[in-house]
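What follows is a single structure, written as structure tokens, with notes after it.
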Amino acid sequence: MLSQTVRVFFVVEPDLTQLEKITQLIDSGRLKPMVDRVVPLLRAREAYEALEQEHPRGKVVIPIAPH
């Protein structure tokens, strides 16, 4: 069987039920977030400037707390 990649773009309203469902999909491996890069909070300005100049192929993540 061939592996198939399906790209889905969506916006999530701050709704607990939706966020829990998305978390389940990610945890189960059925949904894989597309992350272009992770930029430290101290370089947030640089990340926003890059968004204006570049066209990232995924999200630019700025973590605000250690995990």
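Annotations
- Selected residue (criterion: farthest from Ile64 (Cα to Cα)) from residues of segment 45-54 that are open to solvent by 70 Å² or more (accessible area, probe 1.4 Å) and outside any loop (DSSP other than H, G, I, E, B): Gln53
- Residue in segment 37-53 that is on the phi > 0 side of the Ramachandran plot, out of contact with any strand residue (DSSP E or B) (no Cβ under 6 Å at 6 or more places or on another chain) and at pLDDT 85 or above present: no
- Residue in segment 59-67 that is touching a residue at least 24 places away in the same chain (Cβ under 8 Å), exposed (fewer than 11 other Cβ atoms within 10 Å of the Cβ) and touching a Pro at 6+ places or on another chain (Cβ under 8 Å) present: yes
- For segment 25-44, taking the residues that are charged (D, E, K, R) and free of Cβ contacts under 8 Å to residues at least 24 places away in the same chain, the one that is most open to solvent (accessible area, probe 1.4 Å) is identified as Arg30.
The values are calculated or read from the model by the stated rules, or taken from the named source; none is laboratory data. None of these values were measured; they are calculated from a predicted model. As a convention, Cβ positions derive from the backbone with ideal geometry for all residues, glycine included, and neighbour counts pool all protein chains shown. Heavy atoms of the whole protein, side chains included, go into the accessibility calculation; ligands, DNA and RNA do not. Shrake-Rupley method; radii C 1.70, N 1.55, O 1.52, S 1.80 Å.
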